1. Subtracting the Cα-Cα distance from 0.36 nm times the residue separation, let me have the gained length for residue 236 to residue 336 in nm, one decimal.
2. In Å, what Rg and Dmax follow from the Cα atoms of the chain?
3. Pick out which of 387, 13, 58 has the largest mean-square fluctuation in a Gaussian network model of the chain, springs linking Cα atoms closer than 10 Å.
4. Could you point to the residue in 152, 209, 173 farthest towards the positive end of the range 138-265's charge dipole, with +1 and -1 charges on the Cβ of Lys/Arg and Asp/Glu respectively?
5. Angle between the Cα long axis of helix 158-204 and the longest principal axis of the chain, 0 to 90 degrees, nearest 10?
6. So what's the convex hull volume per residue for the Cα atoms of the range 235-278, in Å³?
7. Could you order peptides 316-326, 297-307 by the average number of other Cβ atoms within 10 Å of their residues, highest first?
8. Which of these, 179, 140, 225, has the largest mean-square fluctuation under a Gaussian network model of the chain (Cα springs below 10 Å)?
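The values are calculated or read from the model by the stated rules, or taken from the named source; none is laboratory data. Computed from a predicted structure; not experimentally measured. Ideal geometry is used to build each Cβ from the backbone, glycine not excepted, and the neighbour counts take in all protein chains shown. The accessibility values were calculated without ligands, DNA or RNA, using every heavy atom of the protein model including side chains. Shrake-Rupley method; radii C 1.70, N 1.55, O 1.52, S 1.80 Å.
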Amino acid sequence: MDLEFRIKRLEAENERLKRAVEELSILNDVALAVSSTLALNEIVDLIVQKSVKHLRVEQGAVLLIDKREEEAPMRTMIRRAQSDSSGIPYRLGDQITGWMLKNQQALVVNDLTTDGRFRVPPEASTMRSLLCVPLRLKGRMIGVLTVFNKHGGEPFTEGDSRLLTIIGAQSAQVIENARLYEEEQALARIEQELDTARTIQERLLPKAPPAVPGYDLAGRSKPARQVGGDYFDYLSRVGRGTVLCLADVSGKGISAALLMANIQAAIRSLSLSDDSLAKNIQHANQLLYNSTTSDKFATMFYAALDAERNELSYSNAGHNPPLLISSAGEVRELTEGGPVLGILPSFPYEQASVSLAPGEVLLIYSDGFSEAANARFDEFGEQRLRELAVELRAKPAEKIIEAIVAEVQTFCGDAPQSDDMTIVVVRRES
């Protein structure tokens, strides 16, 4: 009797040691994954494969909660299965994830057909039993690890639950590290693409103003982000002077930059025609209206400088009125034109002309200057910009821009730039 008892004790001890070796083996595999450069999907597959092997089950899966979806916390971003089955049906997977989010503890179901907590969809009829544990990290559940159907129809035991819990505890940090690494890599790729986009956009803007006899021209654009939605240009029209254009697209960033490039291409093409400024801007409005949604629009000041006649023809499409400053300091706003581009189809824009006397300065700017704000949210304002421009009117065009930019930066202090800032100055020499 003692011999039989000792044999059973030895068998039990052997089984315990065997389980311990298995646990150490799988934990070693997970630990190796920590120091590896495996991608997130590969790490998840490794964890599932080891779980399926060591727990002797038909199928396993990791469901990671997408932390970016705050309004849908049970949405999963990754599903991995290791079996000949087709995977976990979404309806069952969402039920499991929902239960785990609420209870955050190991779940053992040895007969899914009789368990009232879950409604098993028809496509999940091959799933008879399951064992599920939370993947927890610093008190937060980042996902769940689930295995289905032990071989031979055996029930899941406390030992199985203990082993999968250990695997889950060790896997959570590994998975999170891999996910954070992939997010960092994705952000790095986005930054690289934005840098490329910024370089392309900078090349689309004029490198230097044209030489116009009797006139001094300068322009500058500074996006609030890597790329922006402001645009300025100088275009030569044979026998018809120099075209000046400054546009401000709604929004910021990539979407605004793409729309800006579209407007730039349209304006450069339209400016080659013999149509009037009003007709060109009307065509640009129609093109923008046809190719964008109602929440996308642009303001634009579009003008042609005839240096021989010292005349500026223009059309203003809802843009901040440029300031025409006389040598005596009198200010006139150029407003003739029509509404912003892209809102109304087939609108008949108007144009007007003004004469430019010696010493007069034309200041064209985007609202990134007038609406620039400091840390107290006080705006620089149009009146302050007007007074500054009058004060600087005798300086060269480039010096006027430098002084205005410096004054706005001083006013804003450490407050971040909130909008694209673009400015063009045209000064008739005395």
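1. Full extension of this stretch gives 33.7 nm more.
2. Cα radius of gyration and Dmax of the chain are 34.3, 122 Å respectively.
3. Greatest mean-square fluctuation among the candidates belongs to 13.
4. Comparing the listed Cα positions along the dipole, 209 ranks first.
5. Result, in degrees: 20.
6. Values: hull volume 3.1 nm³, N = 44.
Roughly 71 Å³ of hull volume per residue.
7. Numbers: 316-326: 21.6, 297-307: 23.5.
Listed from highest to lowest mean packing, they are 297-307, 316-326.
8. Residue with maximal mean-square fluctuation among 179, 140, 225: 140.
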